[in-house]
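The numbers here are math on the coordinates, done by the rules we state, and not lab data. The structure displayed is predicted, hence computed values, not measured ones. Methodologically, a virtual Cβ is constructed for each residue, glycine included, from the backbone with ideal geometry; neighbour enumeration extends over all protein chains shown.
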Amino acid sequence: MSTTRAHTPRRPRRRLRTFNKHILNPMMLTLAGRRHWYAAALHHTGRRSGRPYTTPVVAQPVPDGFVIPLPYGAQVDWLRNVLAAGHASIDVRGRRYIIMNPQIVDAAAVFPLLPIRLQRTWRRFHIEQYLRVRALLDDRPAREPGPGGEFG
């Protein structure tokens, strides 16, 4: 009998999440939320620190709001912050929206709202949970990142 740990499916996902958080996300923030880029910039406030944060996410427009896939589940900090506050703002394709009424839903609840190609893609990645939010267009323009990709 082997004494080595079995390689579980969670370990590669955890490694990918760590890579994305520390390497890919800071690079993505330089483009997130801009008019010709697919990733959105989600602006939220830390639930304990009160600090402002910006996180790149994929936000698919649906009637009255957006659907955001949760490939790492519901235990990510940005999601906890949004749920705790009950609102946030998001820059999508060069426009700023105020988002509210955040709800974690399953694929069955959002797939009827999505294009077939997106359903197939998200199903292929085994994404089981999604954030559904209502959105209102904000009068202020989407923020452009400053030096180093930080938003001010």
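Label-to-label distance, D64 versus I116, with points set 7 angstrom from Cα along the beta-carbon direction: 2.7 nm.
In segment 32-141, what is the volume of the convex hull around the alpha carbon atoms, normalised per residue and reported in Å³?
Dividing the Cα hull volume of segment 32-141 by its residues yields 94 Å³.
One decimal place: the segment Q75-I104 gains 9.3 nm when fully extended, by the rule 0.36 nm per residue minus the C-alpha distance. The value of relative contact order for segment 32-141, using C-alpha pairs under 8 Å at least six residues apart, is 32 percent. Computing FRET efficiency as 1/(1 + (r/R0)^6) for R48 and L83, where r is the C-beta to C-beta distance and R0 is 22 Å, gives about 0.95.
Determine the shape class of segment 19-64: with a ≥ b ≥ c the square roots of the Cα gyration tensor eigenvalues, call it rounded for a/c under 1.5, and otherwise prolate if a/b is greater than b/c, oblate otherwise. Since a/c reaches 1.5 but b/c is at least a/b, the shape of segment 19-64 is classed as oblate.
Consider a paramagnetic label point 7 Å from the Cα of I127 along Cα→Cβ; state which residues of segment 58-95 have an amide N under 11 Å from it. It comes to 58-61, 67-73, nothing else.
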